Amino acid sequence: MSSKKVGSGKDSSKKKRMLSVKLRQEIIEKHERGVCVMELAKIYDCSTSTICTILKQKETIKSVKVAKGMTVITQQRSAIHEEMENLLLLWIKEKELAGDTLTETVISEKARIFYNDLKQKEPSTSTDVVEPEFKSSHGWFERFKKRSGIHSVVRHGKAASADQKAAGDFITRFTQLIEAECYIPQQVFNCNETGLFWKKMPRRTYITAEETKMPGHKPMKDRLTLALCANACGDFKVKPLLVYHSENPRAFKTHRILKEKLHVMWRANPKAWVTRQFFIDWVNLCFGPTVKKYLQENKLPLQALLVLDNAPAHPPGLQDNIREEYQFIKVLYLPPNTTSILQPMDQQVISNFKKLYTKHLFKRCFDVTENTELTLREFWKEHFKIVQCLRMIDLAWKEVTRRTLNSAWKKLWPDAVAARDFEGFDLDTEIETNVPDIDPVHEIVSIGKSMGLQVDEGNINELVKEHEEELSTQELLELQDMQRTEALQEISGSEEEVETEEISTSEIKEVLGMWEKVTSFTERKHPEKVATSRSAANYDDTCLAHFRKLLKSRQKQTSLHRYLYTKTETAISESAESAAKKAKTDD
């Protein structure tokens with residue numbers, strides 16, 4: 001007879017199995033529903049001692065929120081540690097969107113800051129539990145890279161800073177290219193993405209009458225990303241690309257908005273990020289057709305140069321994805337760490353656009369308070385929707401002047417600013433005479449004060465800078481919470497029920513299994529690990545979350561049925577045994 005204890009679940013021939021955080025949470029959930037330790041050991045093919053260890057740590061495990069890409073933990077880490085890495089991944093992707101260079105030193109320092117911030121926020125529940133000190137060591141960093149797949153983001157060398165020498169060398173090459181290909185300012189374009197917190201007011205703005213902060217002070221869910229583009233001449237703006245976190249906001253249905261009629265190209269994903277595919281769509285559906293029409297109408301040679309930075313949405317292979325009919329477009333990339341010096345859109349164009357947007361925002365608030373019975377708070381909270389935001393974006397972009405757009409090329413292409421346009425007029429003179437530039441900040445302050453708001457020029461300039469500032473730990477937490485719920489809300493919040501044929505549980509499991517194989521293969525083999533990871537996460541959130549939720553619901557029902565059935569069978573068995581004993585006693 002074997003000496004192994006029956007039901008122990010131990011098998012020395014088995015390899016040690018690593019259980020993901022999600023599986024550990026699932027084990028705890030099943031145990032709380034009544035499934036015994038021995039049964040759990042059989043279901044998850046592990047020892048009973050492993051199950052008991054997990055149950056002892058259930059409070060810590062239940063509080064863990066697993067970051068995208070964090071599928072397995074090799075040792076039990078605290079909830080704060082998991083949350084820190086979650087926020088760190090989100091921060092890395094935000095920096096990636098901005099085209100910033102990240103190094104081990106920068107990431108490790110940010111990890112330490114996040115950890116300390118979260119530790120301070122964590123309420124102390126027991127004097128026996130001491131949060132271990134986090135050391136952002138090289139060993140931790142290497143394990144973090146392995147868990148999250150951020151290898152292509154981290155670049156070795158000094159931290160990101162404007163590279164003056166690289167910028168100077170690029171200007172020389174750029175000038176040579178312009179001369180060799182005979183490009184003129186009407187044919188050269190720059191595009192850049194920027195975040196916009198469209199409901200955000202100046203941080204120190206108060207409503208005097210109510211002595212309280214402006215409502216809507218949680219701006220994270222009201223974030224969108226814009227890609228703005230214009231030529232060096234400044235006489236042609238391309239329809240912007242706008243990415244929001246909702247594909248079909250309810251306000252669109254209320255106001256009967258047709259997305260194809262908008263003055264922006266509308267795209268959506270849960271994180272409101274410009275993805276590679278969104279940008280390719282914009283090039284082929286907006287940039288290409290409108291630039292071609294513009295050049296033909298102005299009887300200019302059919303050639304165009306699009307200058308871009310190295311943001312993830314602008315991969316080196318972008319040229320290969322441009323449709324054949326738009327192959328007259330050539331793409332040129334700025335060197336890393338030179339965007340603050342060379343990128344035209346970063347030379348006051350985007351900041352000027354945001355000031356103009358804020359001006360129209362204040363104007364709208366003023367009109368509402370003057371001409372309706374709504375208070376400013378009521379309008380801000382209940383009536384200021386994305387539809388009104390789109391109108392303000394359109395007005396602000398139209399008001400960015402030709403002079404502003406042209407002068408933005410002063411560092412990269414000074415000859416374009418001083419050049420004469422194709423009609424022979426002096427460009428500077430024409431702009432100065434017909435379209436004068438007026439700083440909108442004075443007007444914003446005046447409107448604000450007329451509404452009883454305490455606001456000054458410093459507040460407005462600070463607001464514009466805040467759109468580009470690095471997000472705080474608290475803001476990242478808010479953004480993270482929004483991302484976790486947005487995809488499900490998009491599906492469950494639809495007002496129109498879509499009839500679907502019955503899907504079997506086996507079909508769902510089969511599809512999800514195939515998806516796991518595809519993502520696993522892509523993560524191991526694809527060179528662009530960060531880009532593919534983000535695309536996979538977006539697809540998973542948007543397309544598969546519904547089926548995972550459906551499967552989980554069915555599993556809960558099955559488990560409940562099995563639990564009730566087991567309890568009933570046990571009760572019947574015990575009742576039968578009791579009756580038999582009683583009958584035997586009576587005999």
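The values are calculated or read from the model by the stated rules, or taken from the named source; none is laboratory data. Every value quoted in this text rests on a predicted model; they were computed, and no experiment measured them. Heads up, the Cβs are rebuilt from the backbone with ideal geometry, glycines too, and the neighbour counts pull from every protein chain shown. The accessibility values were calculated without ligands, DNA or RNA, using every heavy atom of the protein model including side chains. Shrake-Rupley method; radii C 1.70, N 1.55, O 1.52, S 1.80 Å.
Is at least one residue of the range 186-193 closer than 24 Å to Thr401 by Cβ, touching a Pro at 6+ places or on another chain (Cβ under 7 Å), modelled with pLDDT of 50 or more and surrounded by 22 or more Cβ atoms within 10 Å (Cβ to Cβ)?
Checked the range 186-193: at least one residue is closer than 24 Å to Thr401 by Cβ, touching a Pro at 6+ places or on another chain (Cβ under 7 Å), modelled with pLDDT of 50 or more and surrounded by 22 or more Cβ atoms within 10 Å (Cβ to Cβ).
Based on what the data block shows, is Ala209 at pLDDT below 85 and touching a strand residue (DSSP E or B) at 6+ places or on another chain (Cβ under 6 Å)?
When the stated conditions are applied, Ala209 does not pass them.
Can you give me the number of residues within the range 362-385 that are open to solvent by less than 10 Å² (accessible area, probe 1.4 Å) and either in contact with a strand residue (DSSP E or B) (Cβ under 6 Å, 6 or more places away or on another chain) or under 14 Å from His442 (Cα atoms) (or both)?
Number of matching residues: 1.
Confirm whether Asp281 is touching a residue at least 12 places away in the same chain (Cβ under 8 Å) and out of contact with any helix residue (DSSP H, G or I) (no Cβ under 9 Å at 6 or more places or on another chain).
Taking the combined requirement at face value, the residue satisfies it.
Failed condition for Asn337, given (1) of a type in the set (S, T, N, Q); (2) open to solvent by less than 10 Å² (accessible area, probe 1.4 Å); (3) within 27 Å of Leu102 (Cα to Cα), with all others met?
Here Asn337 clears every test but (2).
Against the condition in a helix (DSSP H, G or I) and touching a helix residue (DSSP H, G or I) at 6+ places or on another chain (Cβ under 6 Å), how does Gly288 come out, does it pass?
So Gly288 passes the test.
If you check Lys410 against the conditions, is it assigned to a helix (DSSP H, G or I) and either touching a residue at least 12 places away in the same chain (Cβ under 8 Å) or not charged (D, E, K, R) (or both)?
no
Would you check which residues across the range 298-313 are in a strand (DSSP E or B) and open to solvent by 10 Å² or more (accessible area, probe 1.4 Å) and list them?
none
Taking the range 303-322, which residues are of a type in the set (D, E, K, R) and without any contact (Cβ under 8 Å) to a residue 12 or more places away in the chain?
Residue satisfying the conditions is Asp320 alone.
Of all residues in the range 323-341, which are under 23 Å from Thr225 (Cα atoms) and free of Cβ contacts under 8 Å to residues at least 40 places away in the same chain?
Answer for the range 323-341, where residues must be under 23 Å from Thr225 (Cα atoms) and free of Cβ contacts under 8 Å to residues at least 40 places away in the same chain: Val331, Tyr333.
As an exercise: evaluate Cys46 against (1) modelled with pLDDT under 85; (2) not in a helix (DSSP H, G or I) and give the number of the one condition it does not meet.
(1)
Could you figure out which of (1) open to solvent by less than 30 Å² (accessible area, probe 1.4 Å); (2) at pLDDT 60 or above isn't true of Asp421?
Tallying (1) open to solvent by less than 30 Å² (accessible area, probe 1.4 Å); (2) at pLDDT 60 or above, Asp421 fails exactly one: (2).
Taking the range 245-284 as the region of interest, how many residues are charged (D, E, K, R) and touching a Pro at 6+ places or on another chain (Cβ under 9 Å)?
1
Looking at (1) modelled with pLDDT of 95 or more; (2) assigned to a helix (DSSP H, G or I); (3) open to solvent by 10 Å² or more (accessible area, probe 1.4 Å); (4) under 21 Å from Ala180 (Cα atoms), which is the one condition that is false for Leu295?
(3)
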